[in-house]
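Scroll down for the structure; my scribbles are underneath it.
The values are calculated or read from the model by the stated rules, or taken from the named source; none is laboratory data. Owing to the predicted nature of the structure, the values given are computational and were not obtained by experimental measurement. When we count neighbours, we look across all protein chains shown, and the Cβ atoms used for this are built from the backbone with ideal geometry, even at glycine. Accessible surface is based on the protein model in full, side chains and every heavy atom, while ligands, DNA and RNA are left aside. Shrake-Rupley method; radii C 1.70, N 1.55, O 1.52, S 1.80 Å.
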Amino acid sequence: MIPFRKKFGNRGFTLIELMVVIVILGILAGLIVPKIMGRPEEAKQLKAKMQMESMETALKLYKLDNGMYPTTEQGLQALVEMPQSGTIPTKWRKGGYLEKGKLPKDPWGNDFIYLCPGIHGEYDIISYGGDGVPGGEEKDRDINNWEIE
């Protein structure tokens, strides 16, 4: 019987084989890392859209109770505190219309912009994105409720 070592020999990886593997891993890392790095901004944009959808639902409930949406002056704050100016709602729901009883900020820490009547619909909700100013592209692009599918 042939000993195990003699049958297969002392085989290992050569330096060239190791270098090829390292180069391939480097190329893969170069392709994958940028995609992973872009994910946090995508997550923030998705969170802003979900927050807007939640506020839209709350606004619809507000309108069902009171027959109108809050005015621009009353703002989204009317969803958590009964308005004290403008047309005062007569059937404002105790506890407000948003969970946790507070108005969320967008994922970048800025207030949402609310217009009623809106330019694109009965009302507009806008987040100015990462830079906090109108316009922008990529991570700084605006998130608008009328563009949410």
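Given the conditions (1) assigned to a helix (DSSP H, G or I); (2) out of contact with any strand residue (DSSP E or B) (no Cβ under 6 Å at 6 or more places or on another chain); (3) at pLDDT below 95, and given that residue 77 satisfies all but one, which numbered condition is not satisfied?
Of the numbered conditions (1) assigned to a helix (DSSP H, G or I); (2) out of contact with any strand residue (DSSP E or B) (no Cβ under 6 Å at 6 or more places or on another chain); (3) at pLDDT below 95, the odd one out for residue 77 is (3).
What number of residues in segment 121-134 are part of a loop (DSSP other than H, G, I, E, B) and under 16 Å from residue 106 (Cα atoms)?
4
Could you list, ordered by first residue, the pairs with Cβ atoms under 8 Å in which the first is in segment 49-61 and in contact (Cβ under 8 Å) with a residue 40 or more places away in the chain and the second is open to solvent by 60 Å² or more (accessible area, probe 1.4 Å), at least 6 apart or interchain?
The qualifying pairs are 54/99.
Here's a check for you: in segment 3-34, which residue that is open to solvent by less than 100 Å² (accessible area, probe 1.4 Å) and not in a helix (DSSP H, G or I) is modelled with the highest pLDDT?
Step by step, filter segment 3-34, then rank; the result is 14.
For segment 96-108, does any single residue satisfy the condition of being of a type outside the set (Asp, Glu) and more than 21 Å from residue 61 (Cα to Cα)?
Checking segment 96-108: at least one residue is of a type outside the set (Asp, Glu) and more than 21 Å from residue 61 (Cα to Cα).
Considering segment 114-149 alone, what residues qualify as being surrounded by 14 or more Cβ atoms within 10 Å (Cβ to Cβ) and either touching a Gly at 6+ places or on another chain (Cβ under 7 Å) or of a type in the set (D, E, K, R) (or both)?
Of everything in segment 114-149, those that are surrounded by 14 or more Cβ atoms within 10 Å (Cβ to Cβ) and either touching a Gly at 6+ places or on another chain (Cβ under 7 Å) or of a type in the set (D, E, K, R) (or both) turn out to be 114, 124, 129, 131, 136, 139, 140, 141, 142, 143.
Return the only residue of 90, 57, 71 being touching a Cys at 6+ places or on another chain (Cβ under 7 Å) and either β-branched (Val, Ile, Thr) or open to solvent by 50 Å² or more (accessible area, probe 1.4 Å) (or both).
71
Open to solvent by less than 90 Å² (accessible area, probe 1.4 Å), farther than 30 Å from residue 121 by Cα, at pLDDT below 85 and in contact with a helix residue (DSSP H, G or I) (Cβ under 9 Å, 6 or more places away or on another chain): is that true of residue 38 in this structure?
Spelling it out, residue 38 is indeed open to solvent by less than 90 Å² (accessible area, probe 1.4 Å), farther than 30 Å from residue 121 by Cα, at pLDDT below 85 and in contact with a helix residue (DSSP H, G or I) (Cβ under 9 Å, 6 or more places away or on another chain).
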